[in-house]
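Below is one structure, written out as structure tokens, with a few remarks after it.
The values are calculated or read from the model by the stated rules, or taken from the named source; none is laboratory data. Just so you know, these numbers come straight off a predicted model, no measurement behind them. Cβ atoms come from the backbone with ideal geometry, glycine included; neighbour counts cover every protein chain shown. Ligands, DNA and RNA are stripped out before the accessible areas are found, and what is left, the full protein with its side chains, is counted by its heavy atoms. Shrake-Rupley method; radii C 1.70, N 1.55, O 1.52, S 1.80 Å.
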Amino acid sequence: MDDQTMFALLVDLHRDGARQGPGSDDETLRALDLTRLDKAAELRVADIGCGTGASTLALAGRLPGARIVAVDLFPEFLDILLERARAAGCSGRIETRAASMDALPFAADSLDLIWSEGAIYNMGFSRGIAAWRPLLRPGGVIAVSEITWLRPDPPEEIGRHWHAEYPEIATAAEKIVILERAGYDLLGYLVLPSTNWIDNYYEPTEERIPAFLERHAGRPEAAAVVGMERREIDLYRRYQDWFGYGFYVARKR
Ligand code: SAH
């Protein structure tokens with residue numbers, strides 16, 4: 001399947017979800033507390049790989065003086081994000097930009113806070129934190145969730161899976177060293193609870209699958225996308241003790 005077909009199908013499967021990856025408002029706000037930023041300040045914030053804006057809206061609700069630029073590769077997600085922002089009464093403080101995370105439309109030293117949930121893997125954690133650092137003002141903060149080994153001894157099946165899918169997966173201790181070497185000081189770390197994966201992401205995704213397959217009846221590419229999703233869900237159910245999303249909050253040195 002070519003990338004364009006796969007992306008179009010993934011957008012179609014996930015656009016109606018409240019979120020496009022594991023997470024929750026509670027954990028977003030918990031990570032926000034770790035930033036130690038003044039929540040009443042006029043912060044300039046970017047939410048990278050925002051999807052339909054679950055975290056964008058949670059941040060806008062908690063940061064009344066902030067202006068947030070929400071960035072995603074897919075305009076379909078951004079259209080839904082803006083509708084949701086209008087419904088929540090905060091669209092005046094949110095802008096959207098269709099752009100790739102490896103070519104972000106921000107000036108150097110211009111951001112107080114870079115947020116990114118379940119998305120930095122698209123360019124890779126090491127590349128992402130290095131490429132985004134110049135956009136933060138000195139003392140600015142990055143908060144990213146990233147696939148992390150929760151135990152150092154993963155069973156062979158899940159080790160092989162992640163080695164093929166995302167070889168940058170590592171333990172939190174290893175990720176923190178990468179952040180420190182890239183010019184950040186760690187402010188805090190938390191692990192998303194498994195309910196953030198199952199209740200907030202996988203179960204809603206599974207519920208949308210029958211209608212998705214009906215919309216794309218007879219297309220083997222759609223069946224292949226569903227097969228991928230189901231395999232991912234099955235692996236998470238069986239190996240959730242070994243991997244998860246670590247949320248890393250760190251300040252530019
Ligand atoms: N942060 C959202 C979405 C996570 S899913 C949430 O937690 O719900 C990953 C997101 O990254 C998707 O919305 C996808 O469209 C976006 N994405 C993938 N590649 C990207 C790229 N190169 N640049 C910007 N966004 C990208």
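Would you please put 199-211, 156-168 in order of how densely packed they are, using the mean number of other Cβ atoms within 10 angstrom per residue and starting with the highest? Before the final figure, lay out each step's value.
Numbers: 199-211: 15.8, 156-168: 13.2.
For the peptides 199-211, 156-168, the packing ranking is 199-211, 156-168.
If you find the alpha carbon centre of the stretch 173-216 and of the stretch 126-143, how far apart are they in angstrom?
If we compute the Cα centre of each part, the gap is 20 Å.
Based on the Cβ-Cβ distance from Glu203 to Ala131, what FRET efficiency comes out when R0 is 35 Å, to the nearest 0.05? Before the final figure, lay out each step's value.
Values: r = 34 Å, r/R0 = 0.97.
So the FRET efficiency works out to roughly 0.55.
Go through the stretch 189-202 residue by residue and turn each phi into a ³J(HN,Hα) via Karplus (6.51, -1.76, 1.60, θ = phi - 60°); whole Hz please, and just put x for glycine and proline.
Calculated HN-Hα couplings, in order: 8, 9, 10, 5, x, 5, 4, 5, 7, 6, 6, 8, 10, 6 Hz.
Under the 0.36 nm per residue contour assumption, what length would be gained going from the current alpha-carbon distance of Asp3 and Arg215 to full extension?
On the way: separation 212, 0.36 × 212 = 76.32 nm, distance 1.96 nm.
Stretched out fully, the Asp3 to Arg215 stretch lengthens by 74.4 nm.
Work out which helices of the chain, taken as complete DSSP H runs, extend at least 18 Å along their axis over the Cα atoms and score a mean Kyte-Doolittle of 0.0 or more, then list them. Write down the numbers at each step before the final one.
Values: long enough: 75-88 (19 Å, 0.21); 203-215 (19 Å, -1.08); 220-239 (28 Å, -0.63).
Taking the DSSP H segments of the chain (at least 18 Å long, mean hydropathy at least 0.0), we get 75-88.
Please give the FRET efficiency for Arg93 paired with Arg231, using the beta carbon to beta carbon distance and R0 = 45 Å, rounded to the nearest 0.05.
Details: r = 39 Å, r/R0 = 0.88.
So the FRET efficiency works out to roughly 0.70.
Round to the nearest 0.05 the FRET efficiency obtained for Ala41 and Arg253 when R0 = 25 Å and r is the Cβ-Cβ distance. Before the final figure, lay out each step's value.
Numbers: r = 21 Å, r/R0 = 0.82.
E(calc), rounded to 0.05, equals 0.75.
Could you give the size of the charge dipole of the chain about its Cα centre, using +1 on the Cβ of each K and R and -1 on the Cβ of each D and E, expressed in debye and rounded to the nearest 20? Intermediate results must be reported in sequence, preceding the final value.
Details: 29 positive and 39 negative charges, 177 e Å.
Its charge dipole is roughly 860 debye.
Counting only protein heavy atoms, what percent of the accessible surface of the chain is carbon or sulfur at a 1.4 Å probe? Could you put the intermediate results ahead of the total?
Numbers: 5730 of 11420 Å².
The C+S portion of the solvent-accessible surface of the chain is 50 percent.
Per the helix-only calculation at 222 nm, which mean residue ellipticity applies to the chain, given -39500 (n - 2.57) for every DSSP H run of n ≥ 4 and division by its residues, nearest 500 deg cm²/dmol?
Working: 10 runs with 110 residues, N = 253.
It lands at -13000 deg cm²/dmol.
So, for the stretch 85-221, what is the accessible surface per residue at a probe of 1.4 Å, expressed in square angstrom? Don't skip to the end; give the middle numbers.
Details: 6480 Å² over 137 residues.
Per residue, the stretch 85-221 has an accessible area of 47 Å².
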